[in-house]
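The values are calculated or read from the model by the stated rules, or taken from the named source; none is laboratory data. Given the structure is predicted, the values throughout are model-derived calculations rather than measurements. Here Cβ is always computed from backbone atoms with ideal geometry, including for glycine, and neighbour counts include all displayed protein chains. The protein model used for the area step is the full one, side chains on, heavy atoms only, and it has no ligands, DNA or RNA in it. Shrake-Rupley method; radii C 1.70, N 1.55, O 1.52, S 1.80 Å.
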Protein chains: 2
Amino acid sequence: MELTQIGVIHTPYKTLSECPHQTCKSEQIAEIEVYDDYVGGLKDVEGFSHILILYWLHKATGYSLLVTTPWDAKPHGLFTTRSPRRPNPIGISVVELIERRGHILRIKGIDAIDGSPLIDIKPYVSEFNEKGAVKIGWLEGKV
Amino acid sequence: MELTQIGVIHTPYKTLSECPHQTCKSEQIAEIEVYDDYVGGLKDVEGFSHILILYWLHKATGYSLLVTTPWDAKPHGLFTTRSPRRPNPIGISVVELIERRGHILRIKGIDAIDGSPLIDIKPYVSEFNEKGAVKIGWLEGKV
């Protein structure tokens, strides 16, 4: 299972510590550069207000199965956190699409480090994702 | 960017044509088997009603940048569709967590083919994902 880089994400965040903890907190404009070989796949993207971005967390190294987060002092299972240090360091963000200029997508709401390899773009369709009332375990009341 | 399989998804769907078009349509119970090396990362997962699953679309081969979908007859940009045939065939589903039994997660709402390699599990937190009113381009009124 080998991934192919299809573009690159340009943001003002140069290190992990500069990144906001979750994308919903970020009003920062960023740019997604889609490589020429893949630009044809962007046809009709302008009609979408939000898109789902998958990218490689290229600055994350190693992982622990129990992690502490900014939300509390207890260790929690890695898979109940969004820690970038994971067996497969893939980041997911739902971002607002501001504008498309050729192979550049100007977006709002991403916490990626500058230079993160782009892996995929999918349409964001709320019916597919929104679940109404959800329980969020140990994160309840913290986010 | 090499991925590591951390588990496997067990579903009744043996071929792509048996899969529902979107996970929201599926009431089928499925099981996610997390390999022993990663079970420690499931601590506290029981508190979550929904989790986000990343998996490898192992039966998808090749891709086209323009694709037609079940929704209409026009070709659309690949990245505005959820076609499994993509440069990086990674599937994402938000699923309902019914029960955890050790290294098995019983879930509802996935359209993966039986045997799909598990790549990652993340907590589903609606505040991170729900965007209120969204525009969905050519998909409007179709889903």
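Couple of notes before you dig in:
- Any hit, the stretch B:65-79, residues being under 19 Å from residue A:1 (Cβ atoms) and either small (Gly, Ala, Ser) or within 19 Å of the chain's Cα centre (by Cα) (or both): no
- Among (1) at the interface with chain B (Cβ under 10 Å from one of its Cβ atoms); (2) at pLDDT 95 or above; (3) surrounded by fewer than 16 Cβ atoms within 10 Å (Cβ to Cβ), the one test that residue A:105 misses: (3)
- Residue B:21 fulfils the conditions (1) more than 8 Å from chain A (Cβ to nearest Cβ); (2) in a loop (DSSP other than H, G, I, E, B); (3) at pLDDT 85 or above except for a single criterion, (3).
- Summed over the stretch A:91-120, the residues that are over 20 Å from residue A:60 (Cβ atoms) and of a type in the set (Asp, Glu) give a count of 2.
- Just so you know, in the stretch B:76-102 the residues that are charged (D, E, K, R) and modelled with pLDDT under 90 include one that is farthest from residue A:32 (Cα to Cα), and it is B:96.
- Odd one out for residue B:73 among (1) surrounded by fewer than 15 Cβ atoms within 10 Å (Cβ to Cβ); (2) at pLDDT below 80: (2)
- Taken over the stretch A:47-64, the criterion of being more than 7 Å from every other protein chain (Cβ to nearest Cβ) and within 20 Å of the chain's Cα centre (by Cα) is satisfied by A:51, A:52, A:53, A:55, A:57, A:58, A:59, A:60, A:61, A:62, A:63.
- Contact map, the stretch B:1-18: residues that are open to solvent by 70 Å² or more (accessible area, probe 1.4 Å) paired with residues that are assigned to a loop (DSSP other than H, G, I, E, B) and among the basic types (Lys, Arg), Cβ distance under 6 Å, separation 6+ or inter-chain. Pairs shown: B:16/B:59.
- For the stretch A:70-99, a residue qualifies if it is within 17 Å of residue A:15 (Cα to Cα) and not in a loop (DSSP other than H, G, I, E, B), and the qualifying residues are A:90, A:91.
- Hits in the stretch B:115-143 (condition: modelled with pLDDT of 95 or more, buried (at least 16 other Cβ atoms within 10 Å of the Cβ) and not β-branched (Val, Ile, Thr)): B:116, B:117, B:118, B:120
- So residue B:110, is it more than 8 Å from chain A (Cβ to nearest Cβ), in a loop (DSSP other than H, G, I, E, B) and touching a residue at least 40 places away in the same chain (Cβ under 8 Å): yes
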